[in-house]
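The values are calculated or read from the model by the stated rules, or taken from the named source; none is laboratory data. Quick caveat: nothing in here was measured; it's all calculated off a predicted structure. As a convention, Cβ positions derive from the backbone with ideal geometry for all residues, glycine included, and neighbour counts pool all protein chains shown.
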Amino acid sequence: MALSQINAPIYEALRRFRRMRVVPFDVPGHKRGRGNMELTEFLGEECMSVDVNSMKPLDNLCHPVSVIKDAETLAAEAFGAANAFFMVGGTTSAVQSMIMYACKGGDKIIMPRNVHRSAINALILCDAVPVYVDPDVNNTLGIALGMSVSQVEKAIRENPDAKAIMVNNPTYYGICSDLKKITELAHKHNMLVLVDEAHGTHFYFGENFPVTAMAAGADIASVSMHKSGGSLTQSSFLLMGEKINSDYMRQVVNLTQTTSASYLLLSSLDISRKRLALSGREIFEKTVEMAEYARSEINSIGGYYAYSKELINGDSVYDFDVSKLSVFTLPIGLAGIEVYDLLRDEYDIQIEFGDIGNILAYISVGDRNRDIERLISAMSEIKRRFGKSETGLLTHEYINPIVAETPRKAFYGDKKSLPLDESAGYICSEFVMCYPPGIPILAPGELITDEIIQYIKYAKEKGCSMTGTEDINIEHLNVLI
Amino acid sequence: MELWFTERHTPNVKFSIKVDRQLYSGNSEFQRIDIFDSKEFGRFLTLDGYMMLTEKDEFIYHEMITHVPMAVHLNPKNILVIGAGDGGVVRELTRYSSVENIDLVEIDELVVEVSKKYLTTTACRFDDPRVHIFYEDGVKFIRRCEDKYDVIIVDSTDPFGPGEGLFTKEFYGSCFKALHEDGIMVNQHESPFYDEDAAAMQRSHKRIVESFPISKVYQAHIPTYPSGHWLFGFASKKYHPVNDFNGVKWSMQEIRTRYYNPRLHAGAFALPNYVEELLKDVE
């Protein structure tokens, strides 16, 4: 029988498998949960009974031939891709796989500097050389925008030997580049187009969203199904266009991916794909409706600026994802991270992230209207109770880096630890970033400047959660000798 | 044949009333609504299976949530009621000739319609020209109000379900903003008795204490609510509920009540030690 989007082959196989009551003399050792009752009581018997190992009736993610292969075929069809892989190491592993597919040691890759750390980590692994395209910056909001076509053109002209171009689409804040034109340009110069589409799963299923990587003709895309797609944390899709050799890609993925893929993650991807294929349109219509409502209510509070399509400028903001609720907070005299903390500490509301000037509240189909009302009211109360004048706040979120060494050389090079204040002028050998959003302030190989030190201190003082460095308090930085 | 309505007051305690017949059952966008007749308690209303009011004991709840703030405020004219689709609070408020305007914000229009049809003892004053009904989320309505009301009465259901927003700090803060500088907010404050109710009670008390300069709690005995021991919150910008209370002045208005009276007003603020301790823990 031909499979269609109403099927979920992995899920169906797990249900069949459960009915077979197979006696387990294989891993995992908890044996359907019986060997670890405390965990079973916490997660539920149903859940533990499908935490099983790869076996003939359930296929194997490292080399799929049956139900996983079928599920991947259905996923490819749903996303309009030539091939799709189930990923269990997060979108991080998808991003790394697509870079390691496109580049080997010494190859150049053109990318915006505001990439996720996973992209630069991939460069450390495969020793590709980044050619950074400075993203356009919105100086009012202090955020990096998309890649402008002319900047990409310039990078291609200066680096005709580059193997690939990577695009963040959309950014965490919801901003999209002109993916179609960048793809055309790249293909004209025989470069692959890799898209970090972590925040764009819904583009494939909703209506009136910005163009998807696959529809724009891009070659590979990494999609966080667990973000707007509703699957379990850590599960993602890697999508491939016609030109990509999926068998070689499987080998690249298997370099770093686990050989014991979790069936909880795999079935969650399978079921979520089915759900979006069948009812994604209504799901995202509701999501957008809630986001648009919240945006207009937050803007009517005054001070806050919940931005949307008015940012579109035909180039570095080619399109905007209206399901995102990004809010600029500086006009009420509070840093985004301060509003983020107040929402949690004072109002029991956890949002996605706060940076220096902005917050992002993640809206999804799981939200209820009454919770949206709470968020809006809490923001109104924060302004009334804690709002002050705007003076004295740092605005810029993005500092153009000076790349002095490749990420791999810097990461593995001889280094020493210096107090933050004495590190200016040295080349950093590690990451410094606020997480979320996980976009590096400093990446391995970049020059440390006074401006960057000032920024790190400011972000720390405002309470940003900083990660990446060996010194967890970020009082010292590792630098190249 | 025996037909019983049963509500779980805790996972281990049940409360049952023998039902004579069921008069209505329906689902709104927000909740399931049921009306029953019983021999012991008369007609009663439940939402999602939780007891809201019975004809026999509703007067206790409605008198205590209404007359306490109305007797403390020197000149209450503009009143906001949130929840209260059964009409009981409005019935009590319309007895004050000094009141000029009553805004009622109820999220569920069906509750008002069903009450008008089946609960004529409470839903009897909706046609008073001073009453204006808004079918809206209370959290949203109050957000837009500033320096507008003398008294706000929060007649909420429980801190889960459609009424949960009415137990949040953002809501209490919005109420503070919506009141005049001598305004009073009174709210349904849950029970101190069973553990889970007591925890909810402490949580809302903490949030009110953080939102208002004066925050006191008073009690009443309501037989059909879990444990029967029920609390109300009195939050105020200026007036102390006992020290600033003039019982003689209230009595002169000649409002006939069955539960509330000026001596009971002062006494209701005297709480058992264990309740005082629960409150102090979060103050």
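General remarks:
- The residues of the range B:228-244 that are surrounded by 17 or more Cβ atoms within 10 Å (Cβ to Cβ) and under 22 Å from B:E277 (Cα atoms), listed by number, are B:H229, B:W230, B:L231, B:F232, B:G233, B:F234, B:A235, B:S236, B:P241.
- Only one entry in A:F17, A:F25 is buried (at least 16 other Cβ atoms within 10 Å of the Cβ) and more than 33 Å from the chain's Cα centre (by Cα), namely A:F17.
- For A:L330, the requirement of being of a type in the set (A, V, I, L, M), under 21 Å from A:C464 (Cα atoms) and within 14 Å of chain B (Cβ to nearest Cβ) is not met.
- Checking A:I382 against (1) more than 10 Å from chain B (Cβ to nearest Cβ); (2) in contact with an Asp or Glu (Cβ under 9 Å, 6 or more places away or on another chain); (3) β-branched (V, I, T), the condition it does not meet: (1)
- Among the residues of the range A:40-59, just one is touching a residue at least 60 places away in the same chain (Cβ under 8 Å) and touching a His at 6+ places or on another chain (Cβ under 8 Å), namely A:D51.
- Residues within the range B:145-167 that are at the interface with chain A (Cβ under 7 Å from one of its Cβ atoms) and either among the polar types (S, T, N, Q) or assigned to a strand (DSSP E or B) (or both), tallied: 0
- In the set (1) within 13 Å of chain B (Cβ to nearest Cβ); (2) at pLDDT 95 or above, the condition left unmet by A:N369 is number (2).
- Qualifying residue in the range B:196-204 (condition: surrounded by 23 or more Cβ atoms within 10 Å (Cβ to Cβ) and within 14 Å of chain A (Cβ to nearest Cβ)): yes
- Residue in the range B:245-262 that is surrounded by 18 or more Cβ atoms within 10 Å (Cβ to Cβ) and under 19 Å from the mean Cα position of the chain (by Cα) present: yes
- Selection from the range B:227-274 of residues that are under 25 Å from B:K169 (Cβ atoms), aliphatic (A, V, I, L, M) and not in a loop (DSSP other than H, G, I, E, B): B:L231, B:A235
- Selection count, the range A:333-350, where residues are within 14 Å of chain B (Cβ to nearest Cβ) and among the aliphatic types (A, V, I, L, M): 4
- Every condition in (1) within 14 Å of chain A (Cβ to nearest Cβ); (2) crowded, with 24+ Cβ neighbours inside 10 Å; (3) assigned to a loop (DSSP other than H, G, I, E, B); (4) not polar (S, T, N, Q) holds for B:E170 except the one numbered (3).
- Search result, residues across the range A:34-69 that are among the β-branched types (V, I, T) and closer than 20 Å to A:S235 by Cβ: A:V50, A:V52, A:V67, A:I68
- Residue check, B:L80 in contact with an Asp or Glu (Cβ under 6 Å, 6 or more places away or on another chain), crowded, with 19+ Cβ neighbours inside 10 Å and part of a strand (DSSP E or B): yes
- Residue list for the range A:153-175, filter: crowded, with 22+ Cβ neighbours inside 10 Å, part of a loop (DSSP other than H, G, I, E, B) and among the polar types (S, T, N, Q): A:N169, A:T171
- B:T122 within 19 Å of the chain's Cα centre (by Cα), at negative phi and more than 14 Å from every other protein chain (Cβ to nearest Cβ): yes
- Candidate set: the range A:375-393, residues that are buried (at least 16 other Cβ atoms within 10 Å of the Cβ) and at pLDDT below 95; chosen: the one farthest from A:I474 (Cα to Cα): A:G387
- Within the option set B:I102, B:I142, being touching a helix residue (DSSP H, G or I) at 6+ places or on another chain (Cβ under 7 Å) and either under 18 Å from B:Q253 (Cα atoms) or within 14 Å of another protein chain (Cβ to nearest Cβ) (or both) holds for one residue only, B:I142.
- Hey, B:D86 touching a residue at least 12 places away in the same chain (Cβ under 8 Å), among the acidic types (D, E) and away from chain A (no Cβ under 14 Å) or not: yes
- Test: A:Y132 is surrounded by 21 or more Cβ atoms within 10 Å (Cβ to Cβ), modelled with pLDDT under 95 and either closer than 30 Å to A:G333 by Cα or of a type in the set (F, W, Y) (or both): no
- Whenever a residue of the range B:174-186 is under 9 Å from B:V151 (Cα atoms) and away from chain A (no Cβ under 11 Å), its partners that are among the small types (G, A, S) and surrounded by fewer than 21 Cβ atoms within 10 Å (Cβ to Cβ), lying with C-beta atoms within less than 9 angstrom and at least six residues away or across chains, give the pairs B:M185/B:A178.
- Restricting attention to the range B:9-37, the residues that are assigned to a loop (DSSP other than H, G, I, E, B) and surrounded by 12 or more Cβ atoms within 10 Å (Cβ to Cβ) add up to 3.
- Test: A:V65 is of a type in the set (A, V, I, L, M) and touching a residue at least 40 places away in the same chain (Cβ under 8 Å): no
- Conditions (1) in contact (Cβ under 8 Å) with a residue 12 or more places away in the chain; (2) within 13 Å of chain B (Cβ to nearest Cβ): number failed by A:N400: (2)
- Among the residues of the range A:250-277, the ones that are under 21 Å from the mean Cα position of the chain (by Cα), of a type in the set (S, T, Y) and not in a helix (DSSP H, G or I) come to 2 in all.
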